[in-house]
1. Pick from segment 53-64 the residues that are assigned to a loop (DSSP other than H, G, I, E, B) and exposed (fewer than 10 other Cβ atoms within 10 Å of the Cβ): which of them is modelled with the highest pLDDT?
2. Sort out which residues of segment 26-47 are within 15 Å of Cys10 (Cβ to Cβ), of a type in the set (D, E, K, R) and without any contact (Cβ under 8 Å) to a residue 24 or more places away in the chain, and write them in order of number.
3. Search segment 1-52 for residues being among the acidic types (Asp, Glu) and either part of a loop (DSSP other than H, G, I, E, B) or touching a helix residue (DSSP H, G or I) at 6+ places or on another chain (Cβ under 9 Å) (or both), and hand back the single one that is modelled with the lowest pLDDT.
Amino acid sequence: MVEQTEKLKCPLCEGQVEVLRSEIVERLTNPELRKRLDARIAEILEASAMAGVGPKIRNFEKEVHTWNPTLPMWQRSPKE
């Protein structure tokens, strides 16, 4: 199982913590950065899918019937 607390290296600062404004501009205009970001995003999504992490698909039509209609409006969740 993939550790959820695993630290990732920032693609912009590459672990340096501080980056000059000119370096950021230079890195953002580099087309290679987009390829690295896409690859890293795909890697993270694959790892999270293997760990079973992902958005929970909810069905509004079914859930609406489980809400408590006797609760006052100010105590209801924003979804209700």
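1. Step one: list which residues in segment 53-64 are assigned to a loop (DSSP other than H, G, I, E, B), which gives 53-59.
Still in the list and also exposed (fewer than 10 other Cβ atoms within 10 Å of the Cβ): 54-59.
Numbers: Gly54: 59, Pro55: 65, Lys56: 71, Ile57: 78, Arg58: 80, Asn59: 84.
Looking at residues that are assigned to a loop (DSSP other than H, G, I, E, B) and exposed (fewer than 10 other Cβ atoms within 10 Å of the Cβ), I get Asn59.
2. Passing the criteria: Arg27, Glu43.
3. At the first step, the residues of segment 1-52 found to be among the acidic types (Asp, Glu) are 3, 6, 14, 18, 23, 26, 32, 38, 43, 46.
Still in the running and either part of a loop (DSSP other than H, G, I, E, B) or touching a helix residue (DSSP H, G or I) at 6+ places or on another chain (Cβ under 9 Å) (or both): 3, 6, 14, 18.
Working: Glu3: 55, Glu6: 67, Glu14: 73, Glu18: 80.
Within segment 1-52, the match that is modelled with the lowest pLDDT is Glu3.
The values are calculated or read from the model by the stated rules, or taken from the named source; none is laboratory data. All of these numbers come straight from a predicted model, not from anything done at the bench. When we count neighbours, we look across all protein chains shown, and the Cβ atoms used for this are built from the backbone with ideal geometry, even at glycine.
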